[in-house]
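The values are calculated or read from the model by the stated rules, or taken from the named source; none is laboratory data. Keep in mind the model is a prediction, meaning the values are calculated, not measured. Cβ sites come from the backbone with ideal geometry, for glycine too, and all protein chains shown count toward neighbours. The accessibility values were calculated without ligands, DNA or RNA, using every heavy atom of the protein model including side chains. Shrake-Rupley method; radii C 1.70, N 1.55, O 1.52, S 1.80 Å.
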Amino acid sequence: MIALAVILAFVLVALCVGIRSRRGRSMDLEQWSVGGRGFGSVFVFLLMAGEIYTTFTFLGASGWAYGKGGPAFYILCYGSLAYVISYWLLPVIWSYAKQHQLLSQPDFFAAKYRSPALGVVVALVGVIAMVPYLVLQLQGLGVIVSVASYGHIGQHAAVVIGALVLAVYVTVSGIHGSAWTSVLKDGLILAVVVVLGIYLPVHYFGSVGAMFHAVDAAEPGLLTLHSTGMSPTWFVSTVVLSALGFYMWPHSFAASYSARNEQVFRRNAIFLPLYQLVLLFVLFVGFAAVLVVPGLKNGDLSLLTISLKAFPPWFVGVIGGAGVLTALVPGSLLLMTSATSLAKNVYRVARPASSDAQVRRLAKVLVPVLALVALFFAFNGGSTIVSLLLMGYGLVTQLFPALILSLGHRRRATVPGAVAGMAVGVAVVVAFTLAGTGLGDVAPWLPRPVQDLNTGLVALVANCAVLTVVSLLTGRAADGSSATDPAANASADPSADPSSDPSADADRLAGDPATG
């Protein structure tokens with residue numbers, strides 16, 4: 001009961017911090033969803049770092065080290081590559097979003113392509129991808145609380161309580177609740193992960209090096225990439241796919257809007273790769289568990305199982321509390337972003353006469369509705385944590401080509417091309433996922449290295465090919481001016497813009513289909 005009491009204490013503190021963070025603020029949609037664009041380096045750093053330290057990190061990374069061995073090191077690589085990309089990508093996105101007062105990822109695409117319909121497509125792709133990611137957080141939360149409380153709370157009950165806490169403080173405080181809770185979460189998880197990653201190898205093997213020698217002797221080949229399947233080809237393609245998709249997650253994309261200025265991203269791009277190294281300690285825990293608690297059917301339980309064996313109940317409670325927070329912070333961002341996208345970019349396109357207040361109220365109403373949907377899939381899903389995450393990455397990365405081609409002075413893709421590319425990419429990911437197959441099953445005549453490509457990258461290649469062909473075909477028939485960034489036009493010749501009101505321009509670009 002000591003461990004359970006400690007876990008509940010952390011949950012109550014997180015709930016109180018999340019609710020109180022709204023004090024002194026009028027929660028209009030901009031304040032609720034992007035924090036009034038006033039967050040400095042620390043809050044943006046923590047929100048971006050929240051993408052690293054989720055239940056995927058806590059359970060999935062150690063679970064993959066335990067069950068897959070060497071291939072788990074891809075987790076160390078893709079984040080660092082993504083931060084390098086962010087140095088150039090996020091300032092451009094932030095600047096355009098601030099100029100046009102955008103609130104969501106679909107807003108960005110709708111504005112860049114002057115197509116609210118494209119915004120609807122992006123919103124639906126994003127929500128479809130975020131549901132398995134939210135399910136991942138809830139499933140992880142249920143496992144953590146159930147195991148760390150020594151079974152005093154069942155997994156289903158823990159998932160329901162976690163979803164309730166999420167829905168309450170997201171509805172009340174929006175992104176302010178996520179930001180303040182992330183302060184508590186990152187401090188706690190950093191301490192716990194470093195302690196576990198150093199203590200367990202030293203306690204059981206004498207040192208980290210001795211642990212790797214022992215694992216290699218007991219499980220020859222476990223620490224290397226496989227010759228087929230999770231081969232070097234799979235490793236590289238998965239790192240590339242995950243790095244390209246890192247900021248395509250709608251909640252990460254929209255969180256970048258909350259920054260105070262562009263320099264926030266450049267400073268964070270310098271330090272976040274160092275923060276990524278902390279994941280190494282999580283992998284150490286998984287490798288230590290290979291020999292200390294062998295034979296687990298579910299590798300995702302390796303961190304908690306070895307912790308139960310090595311630590312007293314009060315510290316297991318601290319580990320459980322840290323694990324719960326890794327679910328609450330990203331889960332809250334996922335819920336809020338999904339609700340905002342559906343309310344602003346789907347409902348408002350269908351009902352263009354709706355007011356800002358109506359959209360804000362609908363977004364808050366959708367928070368518990370989406371939490372219920374996630375609960376349904378959490379109770380009926382069977383995938384492992386990393387598998388759920390990889391499927392989500394495969395989906396959101398399909399937005400990347402259309403984004404990149406929209407960032408220049410002259411847009412290089414047409415709306416039909418962008419929509420067709422996304423549709424084909426998502427269809428390929430869904431087909432591979434539902435069939436449970438890889439490229440080698442579909443095309444066994446391909447060279448072995450090619451067969452091992454991550455199917456999400458295969459979908460991305462198909463996406464790019466279709467986008468290019470359709471854009472070339474439709475671009476010739478379109479008015480040449482329609483492929484030019486409207487912001488660039490406005491900047492070059494303000495008198496040519498029929499609307500001199502910046503707010504009206506933002507509405508026209510982002511949400512009003514009558515003028516899109």
**Asked** Are there any pairs, at least 6 apart or on different chains, whose C-beta atoms fall under 8 Å, with the first in region 157-183 and on the phi > 0 side of the Ramachandran plot and the second at pLDDT 85 or above and assigned to a helix (DSSP H, G or I), and if so, which?
**Response** 174/336
**Request:** Would you please list the contacts, defined by Cβ atoms under 6 Å and residues six or more apart or on different chains, that run from a residue in region 235-249 that is on the phi < 0 side of the Ramachandran plot to a residue that is among the polar types (S, T, N, Q) and open to solvent by 10 Å² or more (accessible area, probe 1.4 Å)?
**Result:** 237/454; 238/454; 241/454
**Message:** Is it the case, given these coordinates, that residue 97 is within 24 Å of residue 397 (Cβ to Cβ), buried (at least 22 other Cβ atoms within 10 Å of the Cβ) and out of contact with any strand residue (DSSP E or B) (no Cβ under 8 Å at 6 or more places or on another chain)?
**Reply:** yes
**Request:** Take region 20-34 and flag every residue that is more than 19 Å from residue 361 (Cβ to Cβ) and part of a helix (DSSP H, G or I).
**Result:** 20
**Message:** Let me spell it out: the conditions are (1) farther than 30 Å from residue 84 by Cβ; (2) touching a residue at least 24 places away in the same chain (Cβ under 8 Å), and residue 322 meets all of them except one. Which number is the exception?
**Reply:** (1)
**Asked** Is one or more of the residues making up region 356-367 in a loop (DSSP other than H, G, I, E, B) and of a type in the set (A, V, I, L, M, F, W, C)?
**Response** no
**Asked** Got a sec? Which of 193, 168, 215 is more than 28 Å from residue 308 (Cα to Cα) and among the β-branched types (Val, Ile, Thr)?
**Response** 168
**Request:** Could you please let me know if residue 394 is modelled with pLDDT under 85, of a type in the set (Gly, Ala, Ser), in contact with a helix residue (DSSP H, G or I) (Cβ under 9 Å, 6 or more places away or on another chain) and open to solvent by 10 Å² or more (accessible area, probe 1.4 Å)?
**Result:** no
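How many residues does region 22-66 contain that are among the hydroxyl-bearing types (Ser, Thr, Tyr), over 30 Å from residue 293 (Cα atoms) and either open to solvent by less than 10 Å² (accessible area, probe 1.4 Å) or without any contact (Cβ under 8 Å) to a residue 24 or more places away in the chain (or both)?
2
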**Request:** Kindly state which helices (runs of 4 or more DSSP H) lie completely within region 257-351 and contain at least 1 residues that are among the small types (Gly, Ala, Ser) and crowded, with 24+ Cβ neighbours inside 10 Å.
**Result:** 279-292, 302-310, 313-342
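Please determine whether any residue of region 198-214 is touching a Gly at 6+ places or on another chain (Cβ under 8 Å) and not in a helix (DSSP H, G or I).
Looking for residues that are touching a Gly at 6+ places or on another chain (Cβ under 8 Å) and not in a helix (DSSP H, G or I), one finds none in region 198-214, hence no.
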**Request:** Return the pairs, sorted by first residue and then second, in which the second residue is open to solvent by less than 20 Å² (accessible area, probe 1.4 Å) and among the β-branched types (Val, Ile, Thr), the first residue lies in region 412-434 and is over 13 Å from residue 465 (Cα atoms) and assigned to a helix (DSSP H, G or I), the beta carbons are less than 9 Å apart, and the residues are 6+ apart or on different chains.
**Result:** 426/125; 429/397
